[in-house]
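The structure appears below as structure tokens.
The values are calculated or read from the model by the stated rules, or taken from the named source; none is laboratory data. What you see is a predicted model, and the numbers here were worked out from it, not measured in a lab. Cβ placement follows ideal geometry from the backbone for every residue including glycine, while neighbour counts extend to all protein chains displayed. Side chains included, ligands, DNA and RNA excluded: accessible areas come from the protein's heavy atoms. Shrake-Rupley method; radii C 1.70, N 1.55, O 1.52, S 1.80 Å.
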Amino acid sequence: LLLVLGAPALAGDKTRDEGVPVPARPRLWDRPQGSEGSCSPEEMVLLRQLRQRALELDQREGELQAREAALDELRVEAVAELDRLDGARAAVVALLEQEQAAASERVVSLSKMVDTMKPAEAATLLAGMDPAVAARVLQKLRAKQAGKVLGAMAPAVARALGEQMTRVPDPRAEGEES
């Protein structure tokens, strides 16, 4: 085995210039096996080294195949997790779209109520609301009614809502005119 593993030759062994050990006398492991009977001692050493190397390579190949199988399993798990996350994302997007649609419906409903109110009452109501919602409600009103409501508000509040209305897209441009 010492020669098979590439260990240096034992004392008394000779070596060639290439560094291949040439045993002085045959040892138990140096005796020819099977078809090695016609081989010289140097060839037997090389054959045994090649056999050992082949065993090592087979072992490494087995380890690599096991790693590849583990990676394939992880890949399948990752794809399944991505599919699950895509499904969850789609569900969240659907819920957000439903909430946005419901909020738009509430704004339309509120704008219809504000449209029937007196400008002073509507101004008081909208001044106490979130500016983004108040701006959306004002945009849904007829232009004449929105002007009256803004005119009934305190100048600072009307200015803030006017600025907010310039930042919020006009829903009437989308064909949602009330």
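Ordering Ala88, Ser111, Gly62 by the projection of their Cα atoms onto the charge dipole of the range 51-143, which places +1 on the Cβ of Lys and Arg and -1 on the Cβ of Asp and Glu, puts Ser111 at the extreme positive end. When a 1.4 Å probe is rolled over the protein heavy atoms, the share of accessible surface on the range 48-178 that falls to carbon and sulfur comes to 59 percent. Our summary gives the range 43-178 a relative contact order of 21 percent, counting only alpha carbon pairs under 8 angstrom and 6 or more residues apart.
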